[in-house]
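Presented below is the structure to which this report refers.
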Amino acid sequence: MQNLEKHKLIFPNLNLLKQEQNLFFMGSCFSDVISEKINSTLLANALSNPFGTLFHPHAILQNLKLLLVVKSANPEFSHPTIETFLGNSIYAANNHFHSLYHAYKFHFNNKEILLKNITQTTSKTLDFLENCDALFITLGTAVYYHHKPTDTIVGNCHKLPQSEFVKSISDVQSLQQQIQEIRDVAMQLSPGKPVIFTISPVRHLRDGMLTSAVSKSLLQAALFETLGAENYSNPMFYFPSFEFVREEKAESPKFKFDGMHITESMEDAIFEKFKQTYF
C-alpha cells in the first residue's frame, strides 16, 4: 500500500515566530507578495525590499554587504562609506546617475541626491534590522547581467542599452558560495535570528521557458548544498514555495494571463502554508 504522505510536501508547525514581530524580506517580487499579506492581515510587521526587487543571489548579497559596511562604520561617515562601496556601480548615462546594484527607482539627475537617497534607505533599513526577528531571502533566478562599461554584475539593468550587457547564468558552485555569504552577512546584521530561504515560483520568461526552468533548478541545487553544510549559530530554514506551486498544486490554475506571475488564489494558498509553518 502506498504511503500517500510521501506524495505531499511537509509543512511542519515550527512555531518559530509570534504575532507583531518584525520580519525583514529581501529578494524577488515574491518577497513583496508575502510581506504585503503579512502587513495587511496584521500578522506581523514586515519590511520588504527597501532597495527594490533583486532577483539574483549576487545582487542580494551586495545589498546586504552594503548594510553591513555601513553598520560597521562611524555613522557620521555613512555617506562617503556608501559612495566608496558602490564605486563604479554609480553610472552616469542619459543625464542621470544610476545605482546599478539597486532597482531602477534608484536613479536621479544628480549624484548627490542619489547617494542621499541610498544613505537614507540604508539608515532606515539598519534601524529596522536592529529589532528584526527573522530574515527571509527570496531567490528569483540564476541569470545575471554584467555591465561592460563598469565591469559590474548589476541588480537591475536600469533600461540602459542591451549592447552594454552580457547575460550569463551562474553555476551551482558560485551560487552556493553566494548563498553561504548571504547567510554569513545576515548573521552579522541580525545575530541569532533565523534566516529563511525560498525560491520564487514566479517564472522569468524574458529569458525563455527553458532558461527559467534551468535557473530554478540551479538555485534548488545550490540551496540544498548550502543548507546541508555545517551548522551555524543562526537557525537556517527552507520554505518550499516554488515546489508547492510546481508539485503539490500541479493540477490547479497557477499563473495569471502573463504566464509568469502566480494567481491570487495561489498566493493565498502559499501564505496559508507560510502561517502554518512559522506561526
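So here's what we get for this one:
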{"read-out": "Test: residue in the stretch 43-50 that is closer than 30 Å to Gln276 by Cα, of a type in the set (S, T, N, Q), in contact with a helix residue (DSSP H, G or I) (Cβ under 6 Å, 6 or more places away or on another chain) and in a strand (DSSP E or B)", "value": "yes"}
{"read-out": "Selection from the stretch 221-246 of residues that are at pLDDT 80 or above and out of contact with any strand residue (DSSP E or B) (no Cβ under 7 Å at 6 or more places or on another chain)", "value": "Ala221, Ala222, Phe224, Glu225, Thr226, Pro240, Glu243, Phe244, Arg246"}
{"read-out": "Unique residue being touching a strand residue (DSSP E or B) at 6+ places or on another chain (Cβ under 7 Å) and open to solvent by less than 60 Å² (accessible area, probe 1.4 Å) when the list is Leu43, Leu54, Leu66", "value": "Leu54"}
{"read-out": "Selection count, the stretch 175-213, where residues are outside any helix (DSSP H, G or I) and among the charged types (D, E, K, R)", "value": "2"}
{"read-out": "Qualifying position, being of a type in the set (Val, Ile, Thr), open to solvent by less than 70 Å² (accessible area, probe 1.4 Å) and out of contact with any Phe, Trp or Tyr (no Cβ under 8 Å at 6 or more places or on another chain), among Val195, Val172", "value": "Val172"}
{"read-out": "Which numbered condition Ser174 fails, given (1) small (Gly, Ala, Ser); (2) modelled with pLDDT under 95; (3) under 24 Å from Ser31 (Cα atoms)", "value": "(2)"}
{"read-out": "Long-range neighbours under 6 Å by Cβ, at least six apart or interchain, first residue more than 17 Å from His79 (Cα to Cα) within the stretch 102-113, second in a loop (DSSP other than H, G, I, E, B)", "value": "Ala103/Gly52; Ala103/Thr53; Ala103/Asn156; Tyr104/Asn156; Tyr104/His158; Lys105/Gly52; Asn109/Asn95"}
{"read-out": "Failed condition for Val166, given (1) of a type in the set (A, V, I, L, M); (2) surrounded by fewer than 14 Cβ atoms within 10 Å (Cβ to Cβ); (3) closer than 24 Å to Val245 by Cα; (4) touching a residue at least 12 places away in the same chain (Cβ under 8 Å)", "value": "(3)"}
{"read-out": "Pair list, Cβ under 6 Å, 6 or more apart: the stretch 124-149 residue more than 17 Å from Arg183 (Cα to Cα), other residue in a loop (DSSP other than H, G, I, E, B) and open to solvent by 30 Å² or more (accessible area, probe 1.4 Å)", "value": "Thr141/Phe55; Thr141/His204; Tyr145/Cys157"}
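The values are calculated or read from the model by the stated rules, or taken from the named source; none is laboratory data. Keep in mind it's a predicted model, so treat the numbers as computed, not measured. Reconstructed Cβ throughout: ideal geometry from the backbone, glycine too, with neighbour counts over all protein chains shown. When the accessible area is computed, the model is the full protein with side chains, heavy atoms only, and any ligands, DNA or RNA have been set aside. Shrake-Rupley method; radii C 1.70, N 1.55, O 1.52, S 1.80 Å.
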